[in-house]
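Working notes, beginning with the structure itself.
The values are calculated or read from the model by the stated rules, or taken from the named source; none is laboratory data. Everything numeric in this text was worked out from a predicted model, so none of it was measured. Heads up, the Cβs are rebuilt from the backbone with ideal geometry, glycines too, and the neighbour counts pull from every protein chain shown. Heavy atoms of the whole protein, side chains included, go into the accessibility calculation; ligands, DNA and RNA do not. Shrake-Rupley method; radii C 1.70, N 1.55, O 1.52, S 1.80 Å.
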Amino acid sequence: MTTAAMFTWPACVLAWAGFLGLALAMDRHHDQVLGGRPSVLRRRLAMLTGWALLGLATAAAVAGWGWSIGLAALWGVLGLAGGGLVLGLAYAPRRLPALTAVLALTMWLPAVLF
Amino acid sequence: MAWLHEWAGLLTGWLLFAIFLTGTIAFFRDEVTHWMQPELHGLRAGAGAADRGLDWLRSNAPGAEMWTLTLPDERSPVLGVAWRPAGAPEGRAGFRRAELDPATGTELHPRETAGGNFLYRFHFELYGMPRETARWIVGIATMFMFVAILSGIITHRRIFKDIFTFRPDKAGQRSWLDAHNATAVLALPFHVMITYSGLVLLAGTLMPFLFDGPRGGGERGGERPQARAAAAASPALPVVPLAPLIAAAEARWGGPVGSVTVTRPGRPGAEIELRPLHATSLPTAGRTGDRLILDAADGRQIRAVDGSAGMSTVTEINTVINVLHRARFAEPWLRWLFFVAGVAGTIMVASGLVLWVVKRAAQHARNGGPSIGFRIVERLNVAGIAGLCLATAGYFWANRLLPAGLAGRADWEIRIFFLVWAATALHAVVRPVRRGWVEQLGVAALLLAVLPLTGLSGLLDGDTRVIGFALVTLATAAGLAHAARRLSRPAPAGKPAARRRAALATGERA
């Protein structure tokens, strides 16, 4: 089951980043994280990137578990990433960009370690 | 729609909280059982465990009609053996069982406990009442849950807009509403799946007319040749070594073998039957009935049974839903994800119940004091939420404190669970509501925080199941302690109603 373990963490990170993109397309969260209201262009870009990253998270889950279990697992992945982001926005919104960069770096760890 | 959501949630809320809490723990029921038998901690699975089990059965259960080996796996390191002595009664009651060390093949004597199975059973059959009745009650609660989910999506129209919003420091109902929404929406697909599949699992009880014919899938054994067992016991014939057979079967199935059954061991026509541990994908989940039947004298394959053959589509779908609900296919990573989603569901139910009270507190204060119904609900919340957490902690402690050799030990553990729960109900009635929350949450946090010390030997042995249990226990203790601490702070100045509301709102995130 090495593959599933390898793809779980990347799926979580991608889902987190995707949700962050969607959040940044919203006025309140954009203000919390980056300050100010997003421009129309930036809002669209954040939305687009967000959905694209969620698509990649789906792909990672399917790659790790196959279609049937992958889609079931994706619900768990989305819940975990979303829950983490909710807490992040509540307690440390300004640090989220840096935190996301760190997470993106750790995304490759399972592939290296396993 | 709001009234439907609130009342569907409230009327079954405490039951749903109990179902969610014990059901979430039940995702790890094997691990919980393992933790509750410290005699088994630190076992190492060795290669060739199956043959060691066979040796043990040869010397301890000669002349049995059937031997069964449950092989150690990542969730339980024990090698289970069971045998049916000649002339034993039909069914499960006819089996004798023992537990062996997989590395040495010596018999182990763990303490008697219902372990995680009690929490699992309680989750859908409650306790101390006829099974059918309990399933009816849980089934109806599940329907209410489904109604609450659907009406909740309509009631909280803003949930998708506010999906990432959680404002823990806002007083009053706002932060409770945020918590309720966030846990509900983020795990929404999980809630729908787990509730719907739960309903399907109980459908046999609620709508027995749906299952007229023989139920496939459940009765996996099919044409087991027990009837022919009467063959004369001629000079004992050997059973071939199992290790190579198991290796071949694992290559064929692409997954581990879960159990081995030898029918009529040592007699002519003896057969070995291998079964996979679990299916590796959902569409093949119905195939947990796959079997390989081999000749015990030379290991030749007699036949391979395709577990899904002859299964109707309905049965197969039912099996898939069943497997999904119980995460039976799940390897550890996925099991943890399901567990986290289950925790979110538990918090969702709890925050919904507290929200009902918080929302009405100000109103009642304006109208000259709380009504009797309100007072009942707020106290039921204490006993139903904090009390159940305390009772669960009590169950684990009972497992460690009761003497290992006590007669009827497993029943005593369960009795203590209910005694503690009853005590918390009494406590919730006699103490002021806020003190009740603080005291029960505080004691539960303390009990859980110290609990890992009682599994110290397993921790030091590096037993991953024991370590996982300790981590979850500590995290839960931290959450409960946080809630208790915030509730115990002096309430902010203001009108009594506002103070009460703030007090309720800031605490309890069990």
With the 1.4 Å probe rolled over protein heavy atoms, the protein assembly as shown has an accessible area per residue in Å² of 45 Å²
Once B:Ala478 and B:Glu107 are pulled to full extension, the length gained, defined as 0.36 nm per residue separation minus their Cα-Cα distance, is 129.7 nm
With the dipole of the range B:54-159 defined by +1 on each Lys or Arg Cβ and -1 on each Asp or Glu Cβ, the option from B:Gly94, B:Tyr120, B:Leu54 whose Cα lies farthest towards the positive pole is B:Tyr120
Give me the number: length gained by fully extending B:Val305 to B:Arg400, i.e. 0.36 nm times residue separation minus the C-alpha to C-alpha distance, one decimal in nm.
-> 29.8 nm
May I ask you to give the percent of accessible area on the protein assembly as shown that is carbon plus sulfur, with a probe radius of 1.4 Å?
-> 66 percent
1/(1 + (r/R0)^6) with r = Cβ-Cβ of B:Phe160 and A:Trp67, R0 = 30 Å, i.e. FRET efficiency to nearest 0.05, evaluates to 0.70
Positive-end extreme of charge dipole, chain B - chosen from B:Leu15, B:Thr195, B:Thr313 (charges on Cβ) | B:Leu15
About the Cα centre of the protein assembly as shown, what is the dipole size in debye to 20, counting +1 per Lys and Arg Cβ and -1 per Asp and Glu Cβ, all else neutral?
-> 2780 debye
With each run of n ≥ 4 DSSP H residues scored as -39500 (n - 2.57), what mean residue ellipticity at 222 nm is computed for chain A after dividing by its residue count and rounding to the nearest 500 deg cm²/dmol?
-> -29500 deg cm²/dmol
Where the centroid of each part is defined by its Cα atoms, how far is the range B:378-415 from the range B:71-116 in Å?
-> 26 Å
Counting only protein heavy atoms and rolling a 1.4 Å probe, how much accessible area do A and B lose on contact, total for both sides, in Å² to 100?
-> 2300 Å²
Pop the C-beta distance of A:Arg95 and B:Trp7 into the FRET formula with R0 = 45 Å and round what comes out to the nearest 0.05.
-> 0.60
Cα-based convex hull, the range B:1-151, per residue volume (Å³, whole number) = 138 Å³
Dipole-positive endmost among B:Phe339, B:Asn381, B:Met145 within the protein assembly as shown (Cβ charges, Cα centre) | B:Asn381
Note down the nm distance, to one decimal, between modelled labels 7 Å out along Cα→Cβ at B:Asn367 and at B:Ser59.
-> 7.6 nm
Test item: Cα-centred dipole of chain B, Lys/Arg +1 and Asp/Glu -1 on Cβ, debye = 2400 debye
Name the longest site-free stretch of chain B, where the excluded sites are GluC sites (Glu not before Pro) in a DSSP loop with no more than 13 other beta-carbon atoms within 10 Å.
-> B:224-510
Any idea what the relative contact order of chain B is, in percent, if you count C-alpha pairs under 8 Å spaced at least 6 apart?
-> 18 percent
If the label point sits 7 Å along Cα→Cβ of B:Arg131, residues of the range B:84-103 with amide N under 18 Å come out as B:90-95
What are the trypsin sites (Lys or Arg not before Pro) within the range A:4-44 that DSSP puts in a loop, where the Cβ has at most 15 other Cβ atoms within 10 Å?
-> none
About its Cα centre, what dipole magnitude does the range B:43-196 give when the only charges are +1 on Lys and Arg Cβ and -1 on Asp and Glu Cβ, stated in debye to the nearest 20?
-> 660 debye
Modelled label-to-label distance, A:Ala111 and B:Leu426, 7 Å Cα→beta-carbon offset: nm?
-> 6.1 nm
Sum of -39500 (n - 2.57) over DSSP H runs of 4+, divided by residues of chain B (222 nm, nearest 500) = -18000 deg cm²/dmol
